[in-house]
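What follows is a short report on a single structure.
The values are calculated or read from the model by the stated rules, or taken from the named source; none is laboratory data. Everything numeric here is computed off the predicted structure, so don't read it as measured data. Please note: Cβ atoms are built from the backbone with ideal geometry, for glycine as well, and neighbour counts cover all protein chains shown.
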Amino acid sequence: MIDLRASDRTILAGFVILASQLSNGIGAAWSKSLFPIMGPEGVVALRIGFSALLLGVLTGVWRLRLPRDQWVNIAGYGICLGIMNSVAYQSFSRIPIGIGMSIEVTGPLTLVLLSSRRPADLAWLGLTICGLALVLFPGKEVPALNLAGIGFAACSATCWAGYIVFGSRIARLGGGRVAAGGVLIASTFVVPFGAVTAGATMLGPENLALGCSVAILTSAVPFFLQMIALRQLPRAIYGVLASGSPAIGAAMSFVVLGEQLALRQWLGIGLVVISAAGCTLRAARAKPL
C-alpha cells in the first residue's frame with residue numbers, strides 16, 4: 001500500500017473535487033442537450049429518480065433511522081433539493097448554464113454573509129454585485145437575458161440556501177444515507193410532475209438510459225467523489241474549491257453545447273467565484289469549520 005503524506009493527500013483530494021465538478025458540469029451540459037427531447041421537467045425527473053435509486057441502493061437508505069424531531073428537517077432538505085434542481089433546469093433552458101450557476105451560488109454566499117458580523121465582508125458582497133452586473137446587464141456584446149431564466153436561477157439560489165440550512169441539521173445523523181433519504185423525498189414530487197409533463201417520451205428505453213447516465217454524472221459520481229475529498233480536506237478548503245462551479249459549468253457548456261459568453265460575462269463569473277472563495281476563507285478564519 002502506498003503511504004501518502006498529508007500534503008500529498010490534500011493535493012489529491014483537490015484533484016478529486018475538480019473531477020467531481022467536471023463530472024457535474026458535463027452532466028449539466030448534457031442534460032440541457034436533452035431538453036428538446038423531453039423538456040427540462042422530464043430530464044430532471046429522470047435525474048432525481050435514478051439518483052434516488054442509485055444512492056438509495058449504494059447507501060442502504062432503507063436502514064435510515066432518525067429521531068422523530070428530525071423528520072421535519074429531512075423533509076425540508078428533500079423539498080429544497082427537489083425544487084432547487086427543478087427550477088435550475090428551468091433556468092438552464094432559458095439562459096446559459098454558467099450564468100445560471102453564477103446566480104445560484106449567491107444562495108450559499110448569502111448565508112455566509114448573513115452569519116458575518118464583520119463590516120469588511122461587505123467588500124465581498126460588493127464584489128458579488130459587480131460580478132452579477134457584468135454577467136446580467138445587457139450591452140453592446142451582451143444580449144438581454146430571459147427574465148424568467150434569471151428568476152428561476154434566483155429561486156434555485158434560495159432553495160440552495162435552505163438545502164444547506166436543513167442539511168447542516170441532519171448531517172451528523174447518517175452522512176450519505178441521510179442524503180440519499182433526502183433525494184428519495186425529492187423524487188416523490190419531482191418524478192410524478194416530470195412524468196405528467198413529459199409523458200411517454202420520458203419512458204422510452206433510450207431516454208431512460210440517457211437519464212440514468214445524467215444521474216450518474218451529476219449526482220452519483222460527484223456525491224461519492226465529494227465524500228472521499230471531505231475525508232482529507234478541511235471544509236473551508238473544500239468550500240473554496242467548490243466555489244469554482246460556475247466557471248467550470250460555463251466552460252463545460254461551451255465545450256458540450258457551444259454556449260458562448262462575452263468577455264465581460266466571463267469576468268463577472270470570475271468575480272462571483274472570487275467572492276465566494278473569499279467569503280468561505282474569511283468565515284473559516286473567524287470560526288473554525
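What to note about this one:
- Flag if GLY42 is of a type in the set (Gly, Ala, Ser), modelled with pLDDT under 90 and assigned to a helix (DSSP H, G or I): no
- Considering only residues in the stretch 150-159 that are closer than 21 Å to GLY182 by Cβ and touching a Leu at 6+ places or on another chain (Cβ under 9 Å), the one that is surrounded by the fewest Cβ atoms within 10 Å (Cβ to Cβ) turns out to be CYS159.
- Near pairs, Cβ below 9 angstrom, 6+ apart or cross-chain, from the stretch 162-181 (farther than 17 Å from GLY56 by Cα and of a type in the set (Lys, Arg)) to any residue that is in a helix (DSSP H, G or I) and at pLDDT 85 or above: ARG169/ASN73; ARG169/ILE74; ARG169/GLY76; ARG169/TYR77
- For the stretch 50-62, the criterion of being closer than 19 Å to VAL196 by Cβ and not aliphatic (A, V, I, L, M) is satisfied by at least one residue.
Residue-by-condition table, conditions (1) at pLDDT below 90; (2) touching a Gly at 6+ places or on another chain (Cβ under 8 Å):
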{"site": "LEU173", "(1), (2)": "yes, no"}
{"site": "ARG177", "(1), (2)": "yes, yes"}
{"site": "GLY182", "(1), (2)": "yes, yes"}
{"site": "VAL190", "(1), (2)": "no, yes"}
{"site": "VAL196", "(1), (2)": "no, no"}
{"site": "CYS212", "(1), (2)": "yes, no"}
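- From the options LEU233, LEU261, LEU281, residue that is modelled with pLDDT under 90 and in a loop (DSSP other than H, G, I, E, B): LEU233
Yes/no matrix, rows are residues, columns are (1) over 19 Å from the mean Cα position of the chain (by Cα); (2) closer than 19 Å to ALA52 by Cα:
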position	(1), (2)
ILE97	no, no
THR106	no, no
TRP124	yes, no
TRP160	no, yes
SER168	no, no
VAL190	no, yes
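- Looking at the stretch 55-149, none of the helices (runs of 4 or more DSSP H) lying wholly inside it contains 3 or more residues that are touching a strand residue (DSSP E or B) at 6+ places or on another chain (Cβ under 7 Å), surrounded by fewer than 21 Cβ atoms within 10 Å (Cβ to Cβ) and at pLDDT below 85.
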